[in-house]
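After the structure tokens below, expect a handful of questions from me.
Readers should treat all values here as calculations from the given coordinates under stated rules, not as data from a laboratory. All figures in this text were calculated on a predicted structure; none of them were measured in a lab. All Cβ positions, glycine included, derive from the backbone under ideal geometry; neighbour counts span all protein chains shown.
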Amino acid sequence: MPETLTLYVLNGPNLNLLGVREPDIYGHETLADVQAMCEAAAEGARVVFRQSNHEGQLVDWIQEARTEASALVINPAAFTHTSVALLDALKTLSIPVVECHLSNPAAREAFRHHSYVSLAATGVIAGFGPRSYELAVRAALDLARRAGTKG
Ligand code: DQA
């Protein structure tokens, strides 16, 4: 039996209000809906799905992922554009990291065009609404499986 992979899916500030927060941009699905989509897309992998409004909490969870996760999906929300601390934490990981956004920040205000997190991401998926998470989960687990493939 192959080992069960563990995927961390971390969510940054204000994503607890998904569904009621600017639904014209972020849609009507709640974070619980997104979690269910991630679990379905993970097809048996263990999903650790968390959200925090606090930068330090996210840093702690990224550090935890160093030893506990096979891959990480992160929607850093506003911290995408501000956080050297998240970048530095992500740089300590040797697992695949997929940055994920509901909207396409590149098509929005200029201050959203720069991502600190992208500097440490294996890849970025943005602009597909909640489906961004589904795609990100698939990509992260695919990378983790390939990394675990011998020969
Ligand atoms: C976001 C995009 C960010 O610019 C914004 O601050 C968010 C959500 C997204 O998922 O589209 O809070 O990460």
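Work out, step by step, the length gained on full extension between PHE128 and ASP88: first 0.36 nm times the residue separation, then minus their alpha carbon distance; give nm to one decimal.
The span from PHE128 to ASP88 would gain 11.7 nm if fully extended.
Under 10 Å, Cα contacts only: if you run a Gaussian network model on the chain, which one of ALA40, ALA77, ALA110 comes out with the highest mean-square fluctuation?
Most flexible of the set in this elastic network: ALA110.
What 222 nm value per residue comes from the helices of the chain, counting each DSSP H run with n ≥ 4 as -39,500 (n - 2.57) and dividing by all residues, nearest 500 deg cm²/dmol? Intermediate results must be reported in sequence, preceding the final value.
Numbers: 5 runs with 55 residues, N = 151.
Computed mean residue ellipticity for the chain: -11000 deg cm²/dmol.
Additional query: Only sites in a loop by DSSP and with at most 14 other Cβ atoms within 10 Å count here; which GluC sites (Glu not before Pro) in the stretch 23-107 make the cut? List each step's numbers first, then the result.
Values: sites: GLU29, GLU39, GLU43, GLU55, GLU64, GLU68, GLU99; in loops: GLU29, GLU43.
Listed in order of number, the matching sites are GLU43.
Compute for the stretch 6-147: radius of gyration divided by Kirkwood radius, i.e. Rg/Rh, restricted to C-alpha atoms, rounded to two decimals.
On the way: Rg = 13.6 Å, Rh = 14.7 Å.
Rg/Rh for the stretch 6-147 comes to 0.93.
On full extension of the chain, what length is gained from ILE25 through LEU135, given 0.36 nm per residue of separation minus the C-alpha to C-alpha distance?
37.7 nm
Mind listing the phi-derived Karplus ³J(HN,Hα) values for the stretch 54-64, rounded to whole Hz, using 6.51, -1.76 and 1.60 with θ = phi - 60°, and x for any glycine or proline?
Rounded to whole hertz, the list is 10, 4, x, 4, 5, 4, 4, 5, 5, 5, 4.
Okay, moving on. Ignoring the sites themselves, what is the longest stretch of the chain with no trypsin sites (Lys or Arg not before Pro) in a DSSP loop and at most 15 other beta-carbon atoms within 10 Å? Don't skip to the end; give the middle numbers.
Numbers: sites that count: ARG21, ARG108, LYS150.
Answer - 22-107.
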